[in-house]
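K.L.:
Let me begin by handing over the structure; questions about it come next.
The values are calculated or read from the model by the stated rules, or taken from the named source; none is laboratory data. The shown structure was predicted, so the numbers you read here are calculated from the model rather than taken from an experiment. Because the Cβ atoms are built from the backbone with ideal geometry, glycine has one as well, and the counts that use them run over all protein chains shown.
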There are 2 protein chains.
Amino acid sequence: MPSGVVAPIMHRMRAAILAVGSELLGPDRLESNSLYLAQTLRRYGVVLVRKSIVADVVDDIRRELTALLGDADLVLICGGLGPTADDVTREGTALAVGRGLAEDAAQLEVLKGKFARFGMRMADTNLKQAEVIDGARVLPNPRGSAPGQALETDGKSIFLFPGVPRELRGMARSELEPWLEEETEGEAVETRVLRIACVGESTLEERILPAYTEFGREALSVLASAGEIQVRVTATGHSKDRSAALDSMTRRLRQLIGDSVYAEGQGSSLESVVGSLLAGRGKTVVTAESCTGGLIAKRLTAVPGSSGYFLGGVVTYADRMKRQLLEVPAEVLEEHGAVSPEVVSWMASGARRLLGADYALAVSGIAGPGGGTDSKPVGLVYIGLAGDGEPEVQKHQLLGDRKRVRWMASQWSLDLMRRELLRTEGGAEQVPDVAEWRGE
Amino acid sequence: MPSGVVAPIMHRMRAAILAVGSELLGPDRLESNSLYLAQTLRRYGVVLVRKSIVADVVDDIRRELTALLGDADLVLICGGLGPTADDVTREGTALAVGRGLAEDAAQLEVLKGKFARFGMRMADTNLKQAEVIDGARVLPNPRGSAPGQALETDGKSIFLFPGVPRELRGMARSELEPWLEEETEGEAVETRVLRIACVGESTLEERILPAYTEFGREALSVLASAGEIQVRVTATGHSKDRSAALDSMTRRLRQLIGDSVYAEGQGSSLESVVGSLLAGRGKTVVTAESCTGGLIAKRLTAVPGSSGYFLGGVVTYADRMKRQLLEVPAEVLEEHGAVSPEVVSWMASGARRLLGADYALAVSGIAGPGGGTDSKPVGLVYIGLAGDGEPEVQKHQLLGDRKRVRWMASQWSLDLMRRELLRTEGGAEQVPDVAEWRGE
């Protein structure tokens, strides 16, 4: 087992992020570029000490940047590089570092070339996008018209990025990352994520307990949300060492957690994993939903290409629909009530038989806020899966509001389907790898 | 018509927001308390000049607050008032204003009383929550253990709020608003929102054109997103004048826009408006979905109490399902294809007849990314509504990715249902008022 995988990084560079934009000070929009930049910084072990937002006002930018340079070694500025009158980040930055700002002939040609290529007239206002701070390096922006800039001042570094997320991310990858790579001499922090559906947090913690001592507590973290847990492992060091440590840790975690791991990385959803398993095995599925009201069908069909394995479904909200569309006998409904293992079993087998699929998923429950009783409280949900044999039925008592209960019920249903598909071909070794799903 | 409804507010108070919390500097969490506070500030005409985030470090808080006090008249600080070692906002603030911090006997009693009421032992660490900055006023927190504080220094005002959103919002309402009300002498800015589904932005702009001159350009703003437009009117002044101006402006806008306005305010969704109309008229609905894959059923059933009017639905993804569940003739499918006005009309009338409801909504389209052809490109969607007579069928060419096409198709379908229900009882006067829906 790897040890010391989260060695402290020695450089301890301190960074600050400054977002410029009056719209980011209103009640409607959150600044979110900094999340992407924070992730990049963290990967290289750089400590983010401060984030701030100021309006498109030259003097506000100047003052804030001056303050930040007193505290941080690296300042990343986002936004305000456009062609309009309120794009004044260049001016504010030049003032803060006491330098001039002048039209750059080479940059002007680049800009003219871009407009010409798109057959557009370049407005005079765009000229300001060719202005470069004395001594700054121009950062190309193949995704838009606003170039970035990078400069050094008194041993501190400043990057100017455009505010459009796609342009900023591209520039961070092509300009900031190589710079950080060099400054940090290739040392970085890397994280991998295992995603687990429908396992309780305490159960999971129990299973992965040995890993805390084997990897070191710092290397492992657990993040729980409704119906999903993410287990993250982190390694520090140079590229090859990191990969080897992460490979070994994820292998060990899969061993400990078993087939509850439904995916690695953020690239795939539970419904896309289920979809790929169905497609890979040439199987079809239909749904019969009551309290989830179409959510499971909606999730399955959110995946491009789902028509290859999802035939259709029914939402049987009224009891009459359960009788009419799924042939649930009236006496079963009467004797046990719509929310019962008996009815959900009938729903599943009825849907499979009548709609003609390999599998049928069925759900019946009480999503709330109304409709609960002492014996059948809000959150009580039965799910059923019909295949070749007797339908498999599960009972769950879910916590939370209507939205959460419905979501959790859909998670449990999709995971039941996933596990069934794994079982038919041999179990945990079949857990698909992230690379396979990214192609979706 | 009201004129000068957005008179400039005279006080021009400048505010800054400082959020404290190391977790807010990571790649996973956005600071969002400031949106609520920005809204409150805007309502009183206070200009927010800066937002910043620092870690739970005494000296970082001290430095940032010192900088902010140089620029703003009012500083709102959020977070770091808890009982743990890294809750150091009190210390940082006291240092910045050069005052002492001492245990307050009265506040200690309040704290002890809270713990006693819940039968909990108060840990020693909680003692720090009774520490008050010299000269500060304690702000009660009935929703949690962390009290807030308010102080004046050199003619500037500082508020300390807890970081838990529910507690912060409650304290902003009970403490900040009355203070602002007094400071601004009752002058405030108020906004009302009209929500419109399925009207193009340019069409809408054309309809409301007279309002720009009647109200003044400043009083009116339009915010468009997928399948929805929000028209906002704003008035400044004292309470009664504001209300009168807003009443008159919204009346006029409803006159100009007509029954495309589906709701006023943020309290209701399109599906809840449709639901209330159905319930009010004692009508039932069923759905027959192809490309939306259950999304319309899911949205209708997201509303508590929807079992009163939504009976059920079918998701007929495969053509066989359209034949089997909705009795769409094979020759119609073959001749026109599944995505055609003929098939969607058959789907709607089949669903209504076979499932036995007053209305049936049907959708068939190409959500993409695959499946498009020259004559039937991605984004082509037919929607149908069957009632007493011939089904009404609409054709839409929707733009965007799979998720957006599906969402837009569900918006158009729900709005078609809404308009039909309005028509049956006399039209635009029936547009429900926000107050009615808030009770949902």
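K.L.:
Take the residues in the range A:89-117 that are over 13 Å from A:Asp134 (Cα atoms) and modelled with pLDDT of 95 or more; name whichever of them is farthest from the chain's Cα centre (by Cα).
P.N.:
This residue is A:Gly92.
K.L.:
For residues in the range B:15-30 being in a helix (DSSP H, G or I) and surrounded by 23 or more Cβ atoms within 10 Å (Cβ to Cβ), which is farthest from the other protein chains (Cβ to nearest Cβ)? Walk me through how you get there before you give the answer.
P.N.:
In the first step, residues of the range B:15-30 are kept if they are in a helix (DSSP H, G or I); the result is B:22-25.
With the extra rule that they be surrounded by 23 or more Cβ atoms within 10 Å (Cβ to Cβ), the set shrinks to B:24-25.
On the way: B:Leu24: 8, B:Leu25: 5 Å.
Checked the range B:15-30; the qualifying residue farthest from the other protein chains (Cβ to nearest Cβ) is B:Leu24.
K.L.:
While we're looking at this one, here's another question. Just checking, how many residues over the range B:204-217 are part of a helix (DSSP H, G or I) and surrounded by 12 or more Cβ atoms within 10 Å (Cβ to Cβ)? Reasoning before the result, please.
P.N.:
As a first pass, look at the range B:204-217 and keep what is part of a helix (DSSP H, G or I): B:204-215, B:217.
Checking which are surrounded by 12 or more Cβ atoms within 10 Å (Cβ to Cβ) leaves us with B:204-205, B:207-208, B:210-212, B:214-215.
The number of residues fulfilling the criteria is 9.
K.L.:
Shifting gears a bit: Would the range A:365-374 turn up any residue that is within 14 Å of chain B (Cβ to nearest Cβ), crowded, with 21+ Cβ neighbours inside 10 Å and outside any loop (DSSP other than H, G, I, E, B)?
P.N.:
yes
K.L.:
Restricting to the range A:111-139, what's the tally of residues that are surrounded by 12 or more Cβ atoms within 10 Å (Cβ to Cβ) and out of contact with any strand residue (DSSP E or B) (no Cβ under 8 Å at 6 or more places or on another chain)?
P.N.:
9
K.L.:
Continuing with the same structure: Within the group A:Ala226, A:Ala279, A:Ala263, which residue is touching a Phe, Trp or Tyr at 6+ places or on another chain (Cβ under 7 Å) and either under 24 Å from A:Gly312 (Cα atoms) or not aliphatic (A, V, I, L, M) (or both)?
P.N.:
Only one candidate passes the filter, namely A:Ala279.
K.L.:
Residues in the range B:181-239 that are more than 24 Å from B:Arg418 (Cβ to Cβ) and of a type outside the set (S, T, N, Q): how many?
P.N.:
So the answer is 22.
K.L.:
In the range A:55-79, what residues are in contact with an Asp or Glu (Cβ under 9 Å, 6 or more places away or on another chain) and within 24 Å of B:Asp28 (Cβ to Cβ)?
P.N.:
Selection gives A:Asp71, A:Leu74, A:Cys78, A:Gly79.
K.L.:
Take A:Leu361 and tell me if it is closer than 25 Å to A:Thr424 by Cβ, more than 7 Å from chain B (Cβ to nearest Cβ) and in contact (Cβ under 8 Å) with a residue 40 or more places away in the chain.
P.N.:
Yes.
K.L.:
How many residues does the range A:221-249 contain that are over 25 Å from A:Leu180 (Cβ atoms) and buried (at least 18 other Cβ atoms within 10 Å of the Cβ)?
P.N.:
4
K.L.:
With the structure loaded, tell me whether B:Gly267 is under 28 Å from the mean Cα position of the chain (by Cα), over 23 Å from B:Glu390 (Cα atoms), part of a loop (DSSP other than H, G, I, E, B) and more than 14 Å from chain A (Cβ to nearest Cβ) or whether it fails that test.
P.N.:
Considered against the rule, which asks whether it is under 28 Å from the mean Cα position of the chain (by Cα), over 23 Å from B:Glu390 (Cα atoms), part of a loop (DSSP other than H, G, I, E, B) and more than 14 Å from chain A (Cβ to nearest Cβ), B:Gly267 comes out as yes.
K.L.:
Something else now. Could you tell me whether A:Ser248 is touching a strand residue (DSSP E or B) at 6+ places or on another chain (Cβ under 9 Å), at pLDDT 90 or above, over 23 Å from B:Glu23 (Cβ atoms) and hydroxyl-bearing (Ser, Thr, Tyr)?
P.N.:
No.
K.L.:
Among the listed residues A:Arg299, A:Arg320, which satisfies the condition of being part of a helix (DSSP H, G or I), within 10 Å of chain B (Cβ to nearest Cβ) and touching a residue at least 40 places away in the same chain (Cβ under 8 Å)?
P.N.:
So the residue among A:Arg299, A:Arg320 that is part of a helix (DSSP H, G or I), within 10 Å of chain B (Cβ to nearest Cβ) and touching a residue at least 40 places away in the same chain (Cβ under 8 Å) is A:Arg299.
K.L.:
Still on this model: The conditions are (1) at pLDDT below 90; (2) among the small types (Gly, Ala, Ser); (3) assigned to a helix (DSSP H, G or I); (4) outside the structural domain of B:Ile257 (by TED's automatic domain parsing), and B:Ser174 fails exactly one of them. Which is it?
P.N.:
Exception for B:Ser174: condition (1).
K.L.:
Restricting attention to the range B:333-354, does a residue exist that is free of Cβ contacts under 8 Å to residues at least 24 places away in the same chain, within 21 Å of A:Thr316 (Cβ to Cβ), under 36 Å from the mean Cα position of the chain (by Cα) and within 14 Å of another protein chain (Cβ to nearest Cβ)?
P.N.:
no
K.L.:
Could you tell me whether A:Thr292 is in a loop (DSSP other than H, G, I, E, B), surrounded by 21 or more Cβ atoms within 10 Å (Cβ to Cβ) and either modelled with pLDDT of 95 or more or on the phi > 0 side of the Ramachandran plot (or both)?
P.N.:
Against the criterion (in a loop (DSSP other than H, G, I, E, B), surrounded by 21 or more Cβ atoms within 10 Å (Cβ to Cβ) and either modelled with pLDDT of 95 or more or on the phi > 0 side of the Ramachandran plot (or both)), A:Thr292 qualifies.
K.L.:
Going by the structure shown, is A:Glu327 over 18 Å from B:Ala297 (Cβ atoms), in contact (Cβ under 8 Å) with a residue 12 or more places away in the chain, away from chain B (no Cβ under 11 Å) and of a type in the set (D, E, K, R)?
P.N.:
yes
K.L.:
Within the range B:31-55, which residues are in contact with a helix residue (DSSP H, G or I) (Cβ under 9 Å, 6 or more places away or on another chain), at the interface with another protein chain (Cβ under 8 Å from one of its Cβ atoms) and among the charged types (D, E, K, R)?
P.N.:
Of everything in the range B:31-55, those that are in contact with a helix residue (DSSP H, G or I) (Cβ under 9 Å, 6 or more places away or on another chain), at the interface with another protein chain (Cβ under 8 Å from one of its Cβ atoms) and among the charged types (D, E, K, R) turn out to be B:Glu31, B:Arg50, B:Lys51.
K.L.:
Still on this model: Restricting to the range A:178-202, and then to whatever is assigned to a helix (DSSP H, G or I) and either under 21 Å from the mean Cα position of the chain (by Cα) or surrounded by fewer than 13 Cβ atoms within 10 Å (Cβ to Cβ) (or both), can you tell me which residue is modelled with the highest pLDDT?
P.N.:
A:Pro178
K.L.:
Would you confirm, using the coordinates I've provided, whether A:Ser157 is in the same structural domain as A:Leu18 (by TED's automatic domain parsing) and either in contact (Cβ under 8 Å) with a residue 12 or more places away in the chain or part of a helix (DSSP H, G or I) (or both)?
P.N.:
So A:Ser157 fits the description; yes.
K.L.:
Among the numbered criteria (1) out of contact with any helix residue (DSSP H, G or I) (no Cβ under 7 Å at 6 or more places or on another chain); (2) under 17 Å from B:Gln394 (Cβ atoms); (3) within 11 Å of another protein chain (Cβ to nearest Cβ), which one does B:Ser307 miss?
P.N.:
(2) is the only condition that B:Ser307 fails.
K.L.:
Could you check the range B:338-352 and list, in sequence order, the residues that are surrounded by fewer than 24 Cβ atoms within 10 Å (Cβ to Cβ) and part of a helix (DSSP H, G or I)?
P.N.:
B:Pro341, B:Glu342, B:Ser345, B:Ser349
K.L.:
Take the residues of the range A:126-148 that are touching a residue at least 40 places away in the same chain (Cβ under 8 Å) and part of a loop (DSSP other than H, G, I, E, B): which is nearest to A:Gly113 (Cα to Cα)?
P.N.:
Restricting to residues being touching a residue at least 40 places away in the same chain (Cβ under 8 Å) and part of a loop (DSSP other than H, G, I, E, B), the top hit is A:Ser145.
K.L.:
Within the range A:59-95, count every residue that is of a type outside the set (Val, Ile, Thr), more than 14 Å from every other protein chain (Cβ to nearest Cβ) and either in a helix (DSSP H, G or I) or free of Cβ contacts under 8 Å to residues at least 40 places away in the same chain (or both).
P.N.:
Final tally of qualifying residues: 4.
K.L.:
Among the residues of the range B:25-36, what is the count of those that are among the hydrophobic types (A, V, I, L, M, F, W, C) and under 15 Å from the mean Cα position of the chain (by Cα)? If you could, list the steps in order and put the result at the bottom.
P.N.:
Of all residues in the range B:25-36, those among the hydrophobic types (A, V, I, L, M, F, W, C) come to B:25, B:30, B:35.
After this cut, where a residue has to be under 15 Å from the mean Cα position of the chain (by Cα) as well, the list is B:35.
Here the count works out to 1.
K.L.:
Then there is this: Any idea how many residues of the range A:271-289 are surrounded by fewer than 24 Cβ atoms within 10 Å (Cβ to Cβ) and facing chain B (nearest Cβ under 10 Å)?
P.N.:
Count: 1.
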